[in-house]
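The block underneath contains the structure these notes are about, expressed in structure tokens.
What follows is calculated from the coordinates using simple rules that are stated; it is not laboratory data. Since the structure is predicted, the reported quantities are computational estimates derived from the model, not experimental observations. Here Cβ is always computed from backbone atoms with ideal geometry, including for glycine, and neighbour counts include all displayed protein chains.
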Amino acid sequence: MVNWLRIAIFAALLALVSLVLMPIQVVCLWLDLKPRRYLPRYWHRLACYLLGIKVRVHGMADRRRPLLICANHASWKDILVLSSVADVAFVAKSEVKGWPVFGVLARLQASIFVEREQKRSTGKQVSEIGQRMAAGEIVVLFPEGTTSDGNRLLEIKTSLFGAAASAVPHSPTGLVHVQPVAISYTGIHGMPMGRFNRPIAAWPGDTELVPHLLGILREGAIEVDVDFGEAIDYDRHTNRKEVSRKIEQSIRSMLTDRLRGRA
């Protein structure tokens with residue numbers, strides 16, 4: 001009974017706040033006003049609070065621009081978590097645009113949708129990413145290309161770092177800053193989260209959204225650590241594979257240390 005009451009309160013409060021903020025965000029997007037960048041942060045902070053997700057931040061987003069953040073990806077909750085601590089825009093696959101709820105939220109956050117299978121549109125999409133970063137927006141990329149089980153980092157796709165290269169010509173300094181970020185689900189009910197409980201936090205494979213969301217709400221006490229690593233400079237002479245390797249090593253190191261309690 002208590003769980004269902006909590007779920008009802010969560011839904012009611014989030015719906016109420018959404019009804020207030022969404023029309024404002026739509027107008028800000030339409031007129032390209034500055035609040036469109038930071039309004040989502042308040043919504044995501046409330047969502048994390050109502051879901052019982054406690055976010056601990058270590059370090060901070062690099063202040064230099066253009067900035068591309070590369071993070072590991074375990075769940076849809078990664079978007080809530082990152083958006084609650086920084087004003088960011090995400091690179092998402094085009095299918096997300098048509099998803100219920102998440103598709104609407106992604107559009108309201110001005111996400112950049114990419115058609116991975118259509119090579120002819122790649123140049124235009126990469127150019128949009130570059131222009132958005134050059135305009136001062138922090139763009140987030142999940143270079144694994146899919147979600148993991150939260151216990152490890154999957155292989156990073158080097159082709160996705162074309163987003164950084166696309167922003168170089170638009171940068172006044174000729175540099176783009178690529179920053180690794182590790183998102184680690186580390187605790188539940190004040191206790192360390194081991195492999196057994198990790199599926200509560202992660203969203204791998206074909207797990208259905210609604211049962212997964214209800215499971216999060218029933219638990220109501222998940223701890224996540226966000227580690228910001230040292231940014232790497234990317235210019236027109238930079239080797240994409242080398243940067244990819246360094247970013248992968250940095251994310252894997254931060255994630256492993258945090259999950260093992262060594263950070």
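Lysine pairs in the range 1-131 with Cα distance under 26 Å, only those 8 or more apart or on different chains: how many are there?
Within the range 1-131, the lysine pair count is 11.
Helix 122-134: angle to the longest alpha-carbon principal axis of the chain, degrees 0 to 90, nearest 10?
80 degrees
Please list the equivalent ellipsoid semi-axes of the range 1-154, computed as the square roots of five times the alpha-carbon gyration tensor eigenvalues, in descending order and whole angstrom.
Semi-axes, largest first: 26, 19, 17 Å.
Rounded to the nearest 20 debye, what is the charge dipole size of the chain about its Cα centre when +1 sits on each Lys and Arg Cβ and -1 on each Asp and Glu Cβ?
That gives the chain a dipole magnitude of about 180 debye.
Based on the mean of other Cβ atoms within 10 Å per residue, sort peptides 153-163, 179-189 so the most packed one is first.
179-189, 153-163
With unit charges on the beta carbon (Lys/Arg positive, Asp/Glu negative), name the residue among GLY150, ALA182, GLY162 whose Cα is farthest towards the positive pole of the charge dipole of the range 135-198.
Farthest along the dipole direction, towards plus: GLY150.
How far apart, in nm, are two points set 7 Å out from the Cα along the Cα-to-Cβ line at THR256 and at GLU95?
Going by the 7 Å Cα→Cβ label model, 3.1 nm.
Calculate the FRET efficiency for ARG236 and LYS34 from the Cβ-Cβ distance with a Förster distance of 25 Å, rounded to the nearest 0.05.
After rounding to 0.05, the efficiency reads 0.25.
If the elastic network links every pair of Cα atoms under 10 Å, which of ILE69, ILE24, ILE112 fluctuates the most in the Gaussian network model of the chain?
ILE24
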